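Before any comments, here is the structure.
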Amino acid sequence: MRKLYLVIPVSAIILTALVVFKRIEPRPSAQSVTPADLILKPAPPLRLFDDQSQLVRLERYLGRHKVVVVFFDGHDGPDRSPLLLELKQQFPPLHEAGAIVLAVSEATPFANRQGMERLDARFPFPLLSDPSFESHERWQTIDAETGRTRQAIFVIDRAGRIRLRQDVATTPTNWNEIHNALRLIP
């Protein structure tokens, strides 16, 4: 009989512990997908306007070209983005490897044109505008804590699969890794 009296309090303690655990356990969400989960998955759609207000679609290049998609910080303009200026220097070998380069930021087409005027030169690749952050969200280039965009580089194969992702906001761009990824794509 004594054992029966112990079962009820012990059961209550276990049940309470389970309820507390369930309440503090983090719930899975769409934000819990890590950038590494994107590798070899189909690239999200990309339909944005360039600096000349022309619609550019990623699908247009798939099947025929490798694509390098660069999300850069366009807040101060493309002419003041160290990543974009590096990309401009890296463009010839990327182009020789058969890659089309698309650069995406939150800046408007007008802001991108102004940046090129300050630079007094055009970039050899289109500057795409995503002021609504839709593409940034699809490509997971928004910092969940700050809500700001993150700089990232994606290498897409001809079939439209992501072969490489580099988050370059906190680490230097590894151009060798990007060139190697392009070389490995037939």
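Read-outs throughout are calculated quantities, based only on the coordinates presented, and are distinct from any laboratory measurement. These numbers come from a predicted model, not from an experiment. Neighbour counts are summed over all protein chains in view; Cβ atoms, including those assigned to glycine, are modelled from backbone coordinates with ideal geometry.
Show me, for the range 107-124, the HN-Hα J-couplings you get by feeding each phi into the Karplus relation (A = 6.51, B = -1.76, C = 1.60, θ = phi - 60°), rounded to Hz, glycine and proline as x.
Here the 3J(HN,Hα) series is 5, 7, x, 4, 5, 5, 4, 4, x, 5, 5, 5, 6, 6, 6, 8, 7, x Hz.
Taking the Cβ of each residue in 68, 101 as the centre, tally the other Cβ atoms inside 10 Å and list the residues starting with the fewest.
Numbers: 68 25, 101 20.
Placing the least packed residue first, the sequence is 101, 68.
Could you please report the charge total around residue 115, scoring K, R as +1 and D, E as -1 over all other residues with beta-carbon less than 10 angstrom from its beta-carbon? If you can, show how the numbers build up before the last one.
Details: positive: 80, 113, 118; negative: 51, 76, 79, 117.
With Lys, Arg at +1 and Asp, Glu at -1, the neighbours total -1.
What does the net charge come to around residue 75 if you take all other residues with beta carbon closer than 14 Å to its beta carbon, with K and R at +1 and D and E at -1?
Working: positive: 80, 148, 150; negative: 73, 76, 79, 106, 130, 143.
Charge balance in the 14 Å sphere: -3.
Taking neighbour Cβ counts within 10 Å as the exposure measure, how do 137, 145 sort from fewest upward? Don't jump to the answer; show the numbers that get you there.
Values: 137 14, 145 6.
The fewest-first ordering by Cβ neighbours comes to 145, 137.
Can you sort 162, 156 from fewest to most other Cβ atoms within 10 Å of each residue's own Cβ? Before the final figure, lay out the partial values.
Numbers: 162 20, 156 26.
So the ranking, lowest neighbour count to highest, is 162, 156.
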